[in-house]
Amino acid sequence: MLDIEAKDNDVGFWCSIDFRIDEIDILFSTKNVNKLFGGADVEEGFPLERVTQDYPMKIVWKKGFIRLVLVGGILWMLLILLASLFHVWSCQSSISFFSAMCNKESKVFSMLDSLGFVPKGQSQHRCPIPVVSDPDKIKIPKGRTPDEIVKNLTYVLDDEILPDGTLSSPLFGGHQNWAQREESFRLKSDMKLHCGFIRNGGAEMAPADINYAKKCRFVVASGIFDGYDVPHQPSNLSPRSKKLFCFLMAVDETSLEFIKGNVTVREDNDGGKWVGIWRLVLLKHPPYDEPRRNGKVPKILTHRMFPNTQYSIWIDGKMELMVDPLQILERYLWRGKHTFAISQHKHHRSIYEEADANKRRKRYARPLIDLHMKIYRYEGLEAWDPTKKTVSDVPEGAIIVREHTAMSNLFSCLWFNEVHLFTPRDQLSFGYIVYRLGGLFKFFMFPNCEYNSLFVLHPHIREHSSRIEWVTSWNQLKGNGSISNKGKDWDQASAKNGLVESRGGLGLWTPYPANLDSVVLPPVARTSKAG
């Protein structure tokens, strides 16, 4: 490189030119300088002095603008980073005000978690599950767990005869009255009670599906109703479990058509329909008006749908199972000699807390939830506290692990009867049944962080909404109020019937045999976003 410094004495312009030896010489005269800046020769009358004054100002302006853009971009990125870090910190905070601001299901939180910004050691969202590493080494118990309290359980199959001798219109859950309900909580060796599947009450299965299920001793069951999901294939299945388990997915006709339009459904020689490992079991004539209540049939009454099954694992339709089912049975049933296992809720332990959250999040009509809770409060259910023998009164019901013993089946029947009589929010009834059985029903409620390690949670295909969920007053229920603009399924209920379900929740419309006016619900402290 050579440096040449030149000076034009006429105009007082200094310049420095760098060039390589092998490059051609550059003629840099006053004319070339002027032309370089878009001006004319001095001899042609263009004042070079103006160029020399304006050009540095343009450079300063351009540099200043670039600096402003860069500084503004850096500040904006720092602001986003600080907001994201605050979001992560709020999710770990023990201060209720800040923890209530956290949304762990948001895309931002998921992205930060995947990038490693969420502290794994402090988060209780997921934790390792102490399962046996090799499913082939798991020893399956022989025989069944003996029934010690309830030894023989039978079910009401036909609806009641009315006082005038006629048969009432059949309901899937029957017309259980208050006296029959009270009697069902009195445990005896031989018991007969309502447990869904009243003849001609709906939810009929095809003969081919009934025959297929008869051979299933081990079942992973799930369900999709009203077209809100598509089946998700389980992961990490051992060859042993693939041979041992039947994977049965209960669907209604709406969901079957939706699934056919979105994923590949193959049909076998017997007419069975399959999506991957799942066999789709069609329930014709949905028994209830409300899709959420329909979904409780296969979830709670798995033992009634598949009566030959000894062990079942229920998972919600939006879940993708990530753990081998044999490992689940060993961990949650066989290791501790349990017959029923369910996860505890991640936020609430008291039924009254869960009821308050359901009202806030518009999960069912608020006045009906209040009436439901007043009945439980009148019948002696206290809010959960650490002195209770149970870990919690509120489960996370997306997974239920069961051995179908008489006592386990009885609990499921009683639980379903409450869902049939009151609200479809089954988490509100679980702790009440435990209370009414006086501690005689033994179950394992495992930590919520293990529940979150069992699945990948997929979002619903579309949001679920129905008119009854948005009701805030008795006037609306009686047809004197107005509701508008509340989602795609807002016209689910017909104008004739208003907002009242015609086949479920009858206990909320049948006069209760006591005065509930003086019942006061326990106060609820909201300590989380969900409650």
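Here segment 228-362 is assigned +1 on the Cβ of each Lys and Arg and -1 on the Cβ of each Asp and Glu. Its dipole about the Cα centre then comes out at about 440 debye. Across segment 266-354, Cα pairs under 8 Å and at least six residues apart give a relative contact order of 8 percent.
Projecting label points 7 angstrom from Cα along Cα→Cβ for LEU79 and ARG361 puts them 3.2 nm apart.
Work out how much length HIS458 to ASN269 would gain on full extension: take 0.36 nm times their residue separation and subtract the Cα-Cα distance, in nm to one decimal. Each step should come with its number before you reach the end.
On the way: separation 189, 0.36 × 189 = 68.04 nm, distance 3.18 nm.
In short, 64.9 nm is gained.
Rounded to whole numbers, the Karplus 3J(HN,Hα) couplings from phi for segment 323-329 are 10, 4, x, 5, 5, 5, 4 Hz, using 6.51 cos²θ - 1.76 cosθ + 1.60 with θ = phi - 60°, and x at Gly and Pro. If you bin all the Cα-Cα distances of segment 166-319 at 10 Å, starting from zero, the percentages per bin are 10, 37, 34, 14, 5, 0.
So the label point goes 7 Å from the Cα of ARG217 along Cα→C-beta, right? Which residues of segment 322-342 then have their backbone N under 20 Å from it? Label zone hits: 324-340. Note that segment 393-398 has calculated 3J(HN,Hα) couplings of 9, 10, x, 9, x, 6 Hz, one per residue in order, obtained from phi through the Karplus relation 6.51 cos²θ - 1.76 cosθ + 1.60 (θ = phi - 60°); glycine and proline are x. Positive-end ranking of GLY271, ILE259, VAL230 along the dipole of segment 214-285, with charges on Cβ about the Cα centre, is headed by GLY271.
What FRET efficiency would be calculated for the residue pair GLU148, ASN475, taking the C-beta separation as r and a Förster radius of 41 Å, to the nearest 0.05?
On the way: r = 51 Å, r/R0 = 1.24.
For R0 = 41 Å, the calculated efficiency reads 0.20.
Length gained on full extension, VAL519 to TRP178: 120.9 nm, using 0.36 nm per residue less the C-alpha separation.
Reported to two decimal places, what Rg/Rh ratio describes segment 320-479 when computed on Cα atoms with Rh from the Kirkwood expression? Provide the component values of the computation, followed by the final result.
Details: Rg = 16.7 Å, Rh = 17.0 Å.
When Rh is taken as the Kirkwood radius, the ratio is 0.98.
Evaluated at q = 0.12, 0.14, 0.21, 0.28 Å⁻¹, the base-10 log of the normalised Debye intensity for segment 257-328, with identical point scatterers placed on the Cα atoms, takes the values -0.42, -0.59, -1.31, -1.38.
If R0 equals 25 Å, the separation of the Cβ atoms of LYS192 and LEU440 corresponds to a calculated FRET efficiency of about 0.85. Largest first, the three principal axis extents of the alpha carbons in segment 392-450 are 32, 24, 20 Å in whole numbers.
Backbone amide hydrogens, once placed in the peptide plane, bring LEU193 within less than 5 Å of THR154, TYR155, VAL156, excluding anything fewer than 5 places away on its chain.
Can you give the Kirkwood hydrodynamic radius of segment 131-238 from its Cα pairs, in Å with one decimal? Each step should come with its number before you reach the end.
On the way: mean 1/r = 0.0540 Å⁻¹.
Its Kirkwood hydrodynamic radius stands at 18.5 Å.
First compute the accessible area of segment 353-487 with a 1.4 Å probe, then give the percent of it belonging to carbon and sulfur atoms. Numbers along the way, then the final one.
Numbers: 2360 of 4940 Å².
Taking all protein chains in place, segment 353-487 shows 48 percent carbon and sulfur surface.
Roughly how many Å² is the accessible area per residue of segment 218-285, as a whole number, for a 1.4 Å probe? Counting only protein heavy atoms, the per-residue value for segment 218-285 is 43 Å².
The 3J(HN,Hα) values that the Karplus relation (6.51, -1.76, 1.60; θ = phi - 60°) gives for segment 191-196 are, in residue order, 9, 10, 8, 5, 7, x Hz. Gly and Pro appear as x.
The values are calculated or read from the model by the stated rules, or taken from the named source; none is laboratory data. On a predicted model such as this, the values are computed, not experimentally measured, just so you know. Cβ sites come from the backbone with ideal geometry, for glycine too, and all protein chains shown count toward neighbours. Side chains are part of the model used for accessible areas, which takes the heavy atoms of the whole protein and leaves out ligands, DNA and RNA. Shrake-Rupley method; radii C 1.70, N 1.55, O 1.52, S 1.80 Å.
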